[in-house]
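For reference, the structure is listed below as structure tokens.
The values are calculated or read from the model by the stated rules, or taken from the named source; none is laboratory data. These figures come from a predicted structure and were not determined experimentally. Every residue, glycine as well, gets a Cβ built from its backbone with ideal geometry; the counts of neighbours run over all protein chains shown. Note: accessible area is taken over every heavy atom of the protein model, side chains too, but ligands, DNA and RNA are not part of it. Shrake-Rupley method; radii C 1.70, N 1.55, O 1.52, S 1.80 Å.
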Amino acid sequence: MSSLRELSRQAVRVRIAEAAEDLFLAKGFNETTVDEIAAAVGMSQRSFFRYFASKEDVVLEKFDRQGEELFARLNSRPLDEPEWDSLRSCFDVFIAHLTDDTGRDRALQEIIESCPSLLAAQLERVHRIQEQLAQRLAARAVARDPGAIPDTLVLSALVGAAFACIQAAVRQALCGEGTSAQMGAFLDHAMEALRPLAPVGVGAGLSTGVTAER
């Protein structure tokens, strides 16, 4: 019963998010009120806050779901694949959404890039995803070799560097002289330029508070 209730709650969240996105794209983020979002789905403002804490959370709901897709993609990658290549494959999740034929996700990302509060909220979520990715890469290192000691310091830095590449590619495509269609090529170029010269992920590394998930 609880799982069905959670599925129903998620369906309502998606419905609210989609209605809010329509309003944001039509009117602008700052010009759209919570009352208008609630009215668009036939609920009260009070009911809206049962599902989302703020307008910012509504915009980034889709980004959170993309993060779950990214983790699922990592789980599907071969264990012996270099971490850098696994991360590049994971980023196809973001590229696919941002280059969708409808242009909806690109338009929403442009709204995020133009709004300081939204950009700050997205960066907070990005940081959270990076921490989880570092943990999952450490767990994969242990799964490959149960006696291995994951170098959590290097793994955290590796994930940070990879995210710097995807962020640079997105900004180049959205705000620079490129196009959405070139986003994947921009990402490939950046990640190839920063590719580690030696295998990473296992060693006597220093403890950073990032531990492998068991």
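Among (1) assigned to a helix (DSSP H, G or I); (2) touching a residue at least 12 places away in the same chain (Cβ under 8 Å); (3) open to solvent by less than 60 Å² (accessible area, probe 1.4 Å), there is one condition residue 47 misses while meeting the rest; what is its number?
(2)
Among the numbered conditions (1) free of Cβ contacts under 8 Å to residues at least 60 places away in the same chain; (2) in a helix (DSSP H, G or I); (3) among the acidic types (Asp, Glu), tell me where residue 57 comes up short.
Just one mismatch for residue 57, condition (1).
So, in segment 97-134, of the ones that are under 16 Å from residue 61 (Cβ atoms) and of a type in the set (Asp, Glu), which residue ends up least open to solvent (accessible area, probe 1.4 Å)?
105
Condition first: touching a residue at least 12 places away in the same chain (Cβ under 8 Å), closer than 30 Å to residue 197 by Cα and among the charged types (D, E, K, R). Can you find one or more residues in segment 102-123 that meet it?
Filtering segment 102-123 down to residues touching a residue at least 12 places away in the same chain (Cβ under 8 Å) leaves 103-113, 115, 117-118, 121-122.
Those left that are additionally closer than 30 Å to residue 197 by Cα: none.
No, segment 102-123 has no match at all.
Quick check on my filter: what residues within segment 135-175 are more than 30 Å from residue 111 (Cα to Cα) and open to solvent by 30 Å² or more (accessible area, probe 1.4 Å)? Write out each step before concluding.
Just the residues of segment 135-175 that are more than 30 Å from residue 111 (Cα to Cα), to begin with: 135-155.
Listed by number, the residues that qualify are 135, 136, 143, 144, 145, 146, 147, 149, 153, 154.
With the condition being modelled with pLDDT of 90 or more, I'd like the helices (runs of 4 or more DSSP H) fully within segment 104-214 carrying at least 1 qualifying residues. Before the answer, list the steps.
On the way: elements: 104-114, 116-144, 152-175, 183-193.
Per the criteria, 116-144, 152-175, 183-193.
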